[in-house]
Amino acid sequence: MTESPGGIIKIGSNLLVRLDGDLDDEMVNRLESKIVSEVEKTHAQGMLIDVSGLTLVDSFVARIIARIVSLVRLLGAETVVVGIQPAVAITLVELGVRFHNITTALNAEQGMELLEGLKSQ
Amino acid sequence: MKGSSPSDAMSDDLTGVETISVLDEHDLIRVRQTLREHARRIKMGLVEETKLITAGSELARNILKYAVPPGGTVVIRHVQNQGKKGIHASFEDHGPGIAKINEAMMDGFSTSGSLGLGLPGARRLVDEFQIESKVGSGTRVVVVKWTR
Amino acid sequence: MENKQNVYRGMMNGVSDRAVILLDRDGNIREWSRGAELIYGYSAGEVLGKHIGILHTPEDVTEGLSSREFASSSASGCFEAEGWRVTKSGKRFWSGVVVTPFGEPDAFVGFLKVGRDLTREREREQSLQRARDEIRELSTPVIRLWDNILALPIIGTLDSMRTLRLTENLLEKIRTEEAGIVIMDISGVSAIDTQVAQYLLKTIQAARLMGADTILSGLRPETAQSMVQLGIELGKIKSRSTLHDALKLAFSMGHADVSDLSFSGGAP
């Protein structure tokens, strides 16, 4: 496991990025640029987005997550979102956010297993 | 349609009213924190608290998104009804207003190219929801969430 | 005139299980009934002239409870509420209070407060609520069937409150057991209309966000028929008519070690 600049961690052929706290437009743009360059540099085949630190996911954050997933998919890698908290899960469903094309897993460990499964398809 | 207005039988709390000016993203953080503090004070419970703050985040963000000139006001206070405690929050801007409230309250409707979930989503997360809007003068959304 | 006053005072003091208190417009105590003495422990001499706030808890005083009571009763003619009150000895009790404005329309005098001790009622209500909660808990337990598999048998009717509790329990269990599959048995659900189907769907979606797949089991043919007629679509959700078949499916989907198990009967 090696740490790349700015909080994106490389684990094998996968990348792990943690979303924390309050995101604004500027931070999101920077994060997306970072992700793009890291995926290209490391030829990552999978990405985990860890949201276990988020106590709130509103439609803005949901959109960011969806954008990162699309972005990474265009770069040839698959993404799994891990760590959605129970209260957040219930709220997201009530809010009406549908994570249609987004794969989710309980934690990073299960997320990794899923990624391996997705890659072999 | 769950469009009932906040109960008239409620008694207002004359203390602890917080007013937040929403002008930029940082103010959104303050809105969320304030809602969290108030929810914790009345022991609302994590799931209900999360719903309240998420709704607040949606509505406050709408102020940033649509109001021109940008900016609006969020007012948060405690309310009580027959022993039950709750949080009352109003979100007001002087933006363009909403021409067709019915459409805006439908899932998927958006004039800004987003997912358009703000209003109807927020409504599902709270117990009482009221919206007033006039084209040219602005929009005011009032929500109440009670402890269970 | 003298006589009438005595009669009224006699009436007020004849009520021993209610505290009848007259306040002036500033909230200071002007009349203190025998019932108030008995309930609060203060004699009239000790409280006359003092503010009603002496009967309130410190928190309520800070939050301005009395001004709220006066404003509300002035506005709507009557203010009714329940809350904590404090006796002379410092003991707290749960009180039911009715506050009304007092006096002639053009000669407003103050406020009339009638309160009673609801401690016993409150305790009864609370233990009833606890019993209800326990029944709810017992009626929707989440069972760990295998390493990766949880079972959630739902029996009876579903309302929004019950669905929320059920969902919270399930998600918590998914988190602690790190389960990837939920078998939701609905053979005991009374009736599945669009509302109930929505509740089930939301629970399934929330579980999915936490990485768990749900298999419905126990969907009876008649129920399936009425659902289709109602236009209820469960989409991609897997469903089996028996728990046995649902479990078999779960094992084929999951990562559980089943090398020493064998299934008998049922469809392959």
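A few points about this structure:
- Förster radius 60 Å - calculated FRET efficiency between C:Lys236 and C:His51 (Cβ-Cβ, nearest 0.05): 0.40
- Of all DSSP beta bridges in the stretch A:2-119, antiparallel share, percent nearest 5: 35
- For chain A, the fraction of C-alpha pairs more than 17 angstrom apart is 52%.
- If the convex hull is drawn through the Cα atoms of the protein assembly as shown, its volume per residue in Å³: 210
- Over all other residues within a Cβ to Cβ distance under 12 Å of C:Ser226, the charged ones net out to -1, with Lys and Arg as +1 and Asp and Glu as -1.
- Inter-part distance where the stretch B:39-57 and the stretch C:164-220 are each reduced to a Cα centre, Å: 24
- Listing C:Glu80, C:Glu104 from fewest to most neighbouring C-beta atoms within 10 Å gives C:Glu104, C:Glu80.
- Between the helical axis of C:221-230 and the longest alpha-carbon principal axis of chain C there is an angle of about 70 degrees.
- Sorting B:Lys134, B:Lys85 from the fewest to the most surrounding beta carbons within 10 angstrom yields B:Lys134, B:Lys85.
- For the peptide C:206-216, the mean number of other protein chain Cβ atoms found within 10 angstrom of a residue's Cβ is 6.
- Cross-link reach is defined here as a Cα-Cα straight distance under 12 Å, omitting same-chain residues fewer than 8 places apart; for B:Lys100 the aspartates and glutamates meeting it are B:Glu132.
- For the stretch C:2-119, alpha-carbon Rg and Dmax in angstrom: 13.6, 42
- Summed residue charge, Cβ within 13 Å of C:Ala19's Cβ, Lys/Arg positive, Asp/Glu negative: +2
- Pairs beyond 27 Å (Cα-Cα), from C:Lys4/C:Lys91; B:Lys145/C:Lys238; B:Lys51/C:Lys173: C:Lys4/C:Lys91; B:Lys145/C:Lys238
- Estimated from helical segments only, the mean residue ellipticity of the protein assembly as shown at 222 nm is -13000 deg cm²/dmol, where each DSSP H run of four or more residues counts as -39500 (n - 2.57).
- Couplings 3J(HN,Hα) of the stretch C:146-154, computed from phi: 7, 3, 10, 10, 10, 10, 10, x, 9 Hz, in residue order, whole Hz [Karplus 6.51 cos²θ - 1.76 cosθ + 1.60, θ = phi - 60°; x for Gly and Pro].
- Packing-based exposure ordering (other Cβ within 10 Å, fewest first) of C:Glu233, C:Glu82: C:Glu233, C:Glu82
- Kyte-Doolittle at least 0.5, axis length at least 15 Å by Cα - qualifying DSSP helices, chain A: A:59-74
- The angle between the Cα long axis of helix C:119-139 and the main principal axis of chain C comes to about 0°, on a 0 to 90 degree scale.
- Eligible lysines near C:Lys88 by straight Cα distance, threshold 22 Å, same-chain separation 8 or greater: C:Lys50, C:Lys113
- Shape box of the stretch B:11-146 [Cα atoms, principal axes, largest first, Å]: 40, 26, 25
- Helix axis angle, C:2-14 relative to chain C longest principal axis, alpha carbon, degrees: 30
- Projection of the Cα convex hull of the stretch C:130-253, averaged over all directions and equal to a quarter of that hull's surface, yields 7.1 nm².
- Local electrostatic count at B:Glu132 - Lys and Arg +1, Asp and Glu -1, tallied over other residues with Cβ under 15 Å: +1
- Taking a straight Cα-Cα cut-off under 16 Å and skipping sequence neighbours fewer than 8 places away in the same chain, the aspartates and glutamates within cross-link reach of B:Lys65 are A:Asp24, A:Asp25, A:Glu26, A:Asp58, B:Asp24, B:Glu25, B:Asp27, B:Glu92, B:Asp93.
No value in this document is a laboratory result; all are computed from the given coordinates. Treat the numbers as computed from the prediction; the structure is a model and nothing was measured. Every residue, glycine among them, receives a Cβ derived from its backbone with ideal geometry; neighbour counts consider all protein chains shown.
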